[in-house]
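What follows is one structure encoded as structure tokens, with my remarks underneath.
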Amino acid sequence: MALLLPAVQVAREAGRRIQCCNSLRQIGVALHNFEQTNGTFPNAWCGIVAPSIGNGRWECISPYEQLLPHLGLGVRQPQMMASQPTAFGLPRLAYGNIPLLHCPSDALARSAAASYRFNAGIWPARPSPDELLGPFSGYRCLRSADVLDGLTNTAFLSERLVGTHYGPDRRRNAEVLRDTSNENWVVICLQRPLSAHPSERTDLGHSWADARAIALTYVHLLPPNSRMQDCTLPVVDAGIISARSNHAANGVHVAFGDGHSKFIGNAIAQSVWHAIGSAAGSDDL
């Protein structure tokens, strides 16, 4: 029995990884169906603006909300929605459970949480040069033709552990850099190891309908499962949010623009990780 248990655990984790990879592939297909219908991929930096339901305000719509019909989940309904104010004065939408968006290797991925994030590029500060931007960076909506590095070579989505809201697992949360200026916050964040106790953190990925960039995007500045602390700013919707997972194989799944998904280890060369994070960097892979 003692010899059998590790083998069972390995088999189960292999099954969870396969499910994770298949979910990313399905989201990738939905993105292309969206492009065929609308002419571009959805916007993942605050979303497309539309009138909110019931309260007369304006809201940002998350990329997942835009993808609902292409994921076979219909469209949003008013009775599904519960509005709560965000730090930006915009309504935060709380929707029900979508198992497709849960990586089974993450025990906290449940209810409205989302395990999979959209690639916002390499450099988190704005504005950034085009060669540092990802396919879901800034207020733009790209077409396949705009991904100059090629869909096969460009990451569209990856995994990120769901936040715990002041929980003990620092990989899941982000420090809020309240005492720094917009000019130096990236450098300061890069000096924060996971072992350091951050002054303040916020939970992330709690809702697939949260349209903020820090809630549903990630950047390729640091490698997968980085040992440095993720960071955000208190007001500006920007941060260093890295790809992270609980997979025993030490890596993350990545969905590329052409629809294929694969597992990428933590030891990937920084130059390659940066290259697949850019949509128009003219990088050689």
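What follows draws every value from the coordinates through simple rules; no lab data is involved. Quick caveat, the model's predicted, so the values are computed rather than measured. Backbone-built Cβ (ideal geometry, glycine too); neighbour counts: all protein chains shown.
Quick notes on this one:
- A cut-off of 5 Å between modelled amide H atoms, ignoring neighbours fewer than 5 places along the same chain, links Phe156 with Ala255, Phe256, Gly257.
- Nonlocal amide H pairs with Ile264, under 5 Å, H built at 1.01 Å: Val252, His253, Val254
- FRET efficiency, Glu131 to Arg12 (Cβ-Cβ, R0 35 Å, nearest 0.05): 0.25
- Summed side-chain charge close to Leu190 - residues other than Leu190 whose Cβ falls under 13 Å, Lys, Arg +1, Asp, Glu -1: 0
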